[in-house]
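Participant: Please read through the structure below; I'll follow up with questions.
What follows is calculated from the coordinates using simple rules that are stated; it is not laboratory data. Everything numeric in this text was worked out from a predicted model, so none of it was measured. As a convention, Cβ positions derive from the backbone with ideal geometry for all residues, glycine included, and neighbour counts pool all protein chains shown.
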Amino acid sequence: MAHAAPTAFRRQPHRQSAVTDHSARNALIRALLMGLVYGVWAAFIRRDTEGVDAGNVFYGILCGALFAGCMFGLNRVGPRLMREIHAAAYGAFAGIAVGYLHSLTGASVFTSTVIGLFSGVGVGAAAFYRYYTREP
């Protein structure tokens with residue numbers, strides 16, 4: 001039987017809806033976890049040296065929810081954008097988020113802007129490199 005050709009590999013039917021639902025669920029979980037971390041961090045910075053009060057908890061929840069919503073939206077819309085715009089959007093998002101957290105410490109607007117700008121440029125460059133090297 002050395003002359004017999006091997007049989008072809010049978011592929012399983014591809015279920016697109018299950019993959020999309022799984023991807024959306026993972027993006028939502030990641031966004032919620034990152035929003036939780038961001039909200040706790042913002043509330044901790046704003047707390048300063050005082051005790052935790054209801055306003056502080058509400059502020060952390062609000063910051064975390066806004067961060068998670070923006071991140072989830074960027075995760076869903078980003079892959080449809082060109083790689084340059086996609087990377088720039090992640091850079092802008094990271095720069096704004098880091099700059100805002102730095103502004104909560106009481107630093108000047110110029111310092112917060114510079115910290116946010118450098119963070120955004122770094123994240124944007126890393127995202128562009130990632131999207132450029134993994135182009136289909």
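Participant: For labels at PHE110 and ILE96 in the simple 7 Å Cα→Cβ model, what's the distance in nm?
Facilitator: 2.5
Participant: Now for a separate question. Between the alpha-carbon centers of the stretch 42-57 and the stretch 106-136, tell me the distance in whole angstrom.
Facilitator: If we compute the Cα centre of each part, the gap is 28 Å.
Participant: Net charge within 12 Å of ALA43 by Cβ-Cβ distance, Lys/Arg positive one each and Asp/Glu negative one each, not counting ALA43 itself?
Facilitator: Charge balance in the 12 Å sphere: -1.
Participant: Something else about it: Order these by the 10 Å Cβ neighbour count, fewest first: SER119, SER23.
Facilitator: SER23, SER119
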